[in-house]
Amino acid sequence: MHKKLTDWIEKKGFSYEEERRDCLYEPNEKKIIVNKKLNKENKLYSALHECGHLLVQKNIFSYEKRYKSQVAGLIDKRKCRSLRWRIDFLKEEYDAWDRGYKLAKRLKIPIDREKYYNYASKCLGTYCRWVIDKDWHKWDYNH
């Protein structure tokens, strides 16, 4: 993992971990988790994406305004059944990829923009299928 990114993660009060599971941003546990099976480049891209979630969620007031249905779903789990909730979920996923890319630029971490967004598109494609799948409730995204 790139030292500038792990230093940034630690500065934010989080730990960086590699495990045998999906990549996650765990705000309650203060962890950024990346799947250890990924290649070096995709580990970096995934870590940047998870840091993007940290940046997206850091200001609760703007988060509540931009992702209203996400917040409503935390309060009332029945709201998580709505298409709007799933679309807001997808919107946050995209925003986290975008914020991750901007973070790399700000930290001067050299990454290939084309490869980064190709990988992001691959990951986002799964979420797009989930949003429109009539059996979406059978999917598990740890949210």
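The values are calculated or read from the model by the stated rules, or taken from the named source; none is laboratory data. If you're wondering where the values come from, they're calculated on a predicted model, not measured in any experiment. Neighbour counts run over all protein chains shown; Cβ positions are idealised from the backbone, glycine included. Calculation scope for accessible area: heavy atoms of the full protein, side chains included, ligands and nucleic acids excluded. Shrake-Rupley method; radii C 1.70, N 1.55, O 1.52, S 1.80 Å.
Structure data summary
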read-out: From Ser82, Ser62, Ser69, Ser46, residue being polar (S, T, N, Q) and in contact with a Lys or Arg (Cβ under 7 Å, 6 or more places away or on another chain); value: Ser69
read-out: Test: Ile109 is among the β-branched types (Val, Ile, Thr), assigned to a loop (DSSP other than H, G, I, E, B) and surrounded by 12 or more Cβ atoms within 10 Å (Cβ to Cβ); value: yes
read-out: Top-ranked residue in the stretch 70-96 [being basic (Lys, Arg) and within 28 Å of Lys115 (Cα to Cα); ranked as nearest to the chain's Cα centre (by Cα)]; value: Lys91
read-out: Unmet requirement for Tyr67, which otherwise passes all of (1) under 22 Å from Arg84 (Cα atoms); (2) within 17 Å of the chain's Cα centre (by Cα); (3) open to solvent by 20 Å² or more (accessible area, probe 1.4 Å); value: (3)
read-out: Qualifying residues in the stretch 8-34 (those that are within 18 Å of Lys102 (Cα to Cα) and either of a type in the set (S, T, N, Q) or in a helix (DSSP H, G or I) (or both)) - the one farthest from the chain's Cα centre (by Cα); value: Lys11
read-out: Qualifying positions in the stretch 35-49 - open to solvent by less than 50 Å² (accessible area, probe 1.4 Å), in contact with a strand residue (DSSP E or B) (Cβ under 8 Å, 6 or more places away or on another chain) and more than 20 Å from Lys102 (Cα to Cα); value: Asn35
read-out: Scope the stretch 46-64; condition in contact with a Cys (Cβ under 9 Å, 6 or more places away or on another chain) and hydroxyl-bearing (Ser, Thr, Tyr); matching residues; value: Ser46
read-out: In the stretch 63-96, the residues that are among the polar types (S, T, N, Q) and modelled with pLDDT of 75 or more; value: Ser82
read-out: Residue within the stretch 18-34 that is of a type in the set (S, T, N, Q), out of contact with any strand residue (DSSP E or B) (no Cβ under 7 Å at 6 or more places or on another chain), modelled with pLDDT of 85 or more and surrounded by fewer than 14 Cβ atoms within 10 Å (Cβ to Cβ) present; value: yes
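To keep it simple, each residue is scored yes or no on (1) without any contact (Cβ under 8 Å) to a residue 40 or more places away in the chain; (2) of a type in the set (Lys, Arg).
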residue: Lys31; (1), (2): yes, yes
residue: Lys36; (1), (2): yes, yes
residue: Tyr63; (1), (2): yes, no
residue: Arg66; (1), (2): yes, yes
residue: Lys77; (1), (2): yes, yes
residue: Arg86; (1), (2): no, yes
residue: Tyr94; (1), (2): yes, no
residue: Asp98; (1), (2): no, no
